[in-house]
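The values are calculated or read from the model by the stated rules, or taken from the named source; none is laboratory data. Just so it is clear, the structure is predicted and the values come from calculations on it, not from any experiment. Methodologically, a virtual Cβ is constructed for each residue, glycine included, from the backbone with ideal geometry; neighbour enumeration extends over all protein chains shown. In case anyone asks, the SASA skips ligands and DNA or RNA and just uses the protein heavy atoms, side chains included. Shrake-Rupley method; radii C 1.70, N 1.55, O 1.52, S 1.80 Å.
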Amino acid sequence: MKKLFIISSKSGRGRDKNFERELLKYFKEDEIKITEKAGDTIFFAEDFRDQAGDILFIKGGDGALSEVASVLRGSDTALGLVPGGTGNDFSKNFRPFDLSKIFNYEVSPIDLVEVNGKTCINVTSLGFDTNVLKYAYDIMDRKKLSGKLAYLYGVVKSVASLENVDLKISYCDEEDNEREITGRFLVSALCNGSYYGNGFNPSPRGRLDDGLLNLILADEMGPLGIIKLFTSYRKGTHLGKPGVREIITRSGVISSDQEFLYNIDGEIYRAREISYKVLPQALKWIYFKE
């Protein structure tokens, strides 16, 4: 069995030398790759895939995970995640990781999402939460704040400069019926996984292997409405509350007359339109057992 372990040294707070020493109990030195520059994660994953590698583990954040998922999409190489980033949101969909049980696993496929030609494994969103990310990334770069403090700063900054977005959403539902809605929204989160934004739970009913996406929409609201929504949105108890709706969808187009910010697994982009579709069972996933 061919195996590879990639450590994304840019994730979280840097390299964990103790973890690397422990890892040598389970992997040979030439089976461990540590990234040193941008693009290394993709290069290592592509090379391993092209060698018909069997299982690849990535220790990193959601951004590094998304890069590897894009490479392994549709291949026979299975992917496993060891959380090592700032938010580690995708890992919250699974049981806690234990290095001593790394080879006690099973492989089962999960869905991916294609958004404007790019691969998304977790969440694509636009509106308030992407502005939170923008401000959080900025303060982390300038002040070297921790992830949680940076996200808190991003929330406060975003509330102070609210931006609701006029959107037209044309989509196919779970029965492939074509539907359309328009409105002015604070948050639009297209979810494959259930968690994002450093612990928020926008899609508590979402599943990674059902061939469906959960589009969570929060209508336009002011600062008081956001404060009321904040706690429930973090806990995943917001569905059914006034101004919040969940749409089950397989594909669609979200557009606006004005350019808006959106993010794919935490990477920020600008557009006036995003086209998406679910990719059922597109990635072989390593589930760790007890």
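Numbers for the structure displayed
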quantity: Matching residues, segment 46-66, being acidic (D, E) and touching a helix residue (DSSP H, G or I) at 6+ places or on another chain (Cβ under 8 Å); calculated: E46, D62
quantity: Residue satisfying all of: in segment 117-139; out of contact with any Ser or Thr (no Cβ under 6 Å at 6 or more places or on another chain) and modelled with pLDDT of 90 or more; most open to solvent (accessible area, probe 1.4 Å) among these; calculated: K118
quantity: Residues (crowded, with 23+ Cβ neighbours inside 10 Å and more than 20 Å from E114 (Cα to Cα)) located in segment 52-73; calculated: L56, F57, I58, K59, G60
quantity: Filtered residues of segment 160-184 (kept if crowded, with 17+ Cβ neighbours inside 10 Å and not hydroxyl-bearing (S, T, Y)); calculated: N164, V165, L167, I169
quantity: Which listed residue is out of contact with any Ser or Thr (no Cβ under 6 Å at 6 or more places or on another chain) and modelled with pLDDT of 90 or more, from L215, L239; calculated: L239
quantity: Condition broken by E36, with the remaining ones in (1) without any contact (Cβ under 8 Å) to a residue 40 or more places away in the chain; (2) on the phi > 0 side of the Ramachandran plot satisfied; calculated: (2)
quantity: P204, sole failed condition from (1) touching a residue at least 40 places away in the same chain (Cβ under 8 Å); (2) closer than 30 Å to L72 by Cα; (3) in contact with a helix residue (DSSP H, G or I) (Cβ under 9 Å, 6 or more places away or on another chain); calculated: (1)
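So that you can scan it fast, the table gives a plain yes or no per residue for (1) buried (at least 22 other Cβ atoms within 10 Å of the Cβ); (2) within 17 Å of the chain's Cα centre (by Cα):
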position: L186; (1), (2): yes, no
position: S194; (1), (2): yes, yes
position: F200; (1), (2): yes, yes
position: D209; (1), (2): no, yes
position: N214; (1), (2): yes, yes
position: D219; (1), (2): no, no
position: H238; (1), (2): yes, no
position: I247; (1), (2): no, no
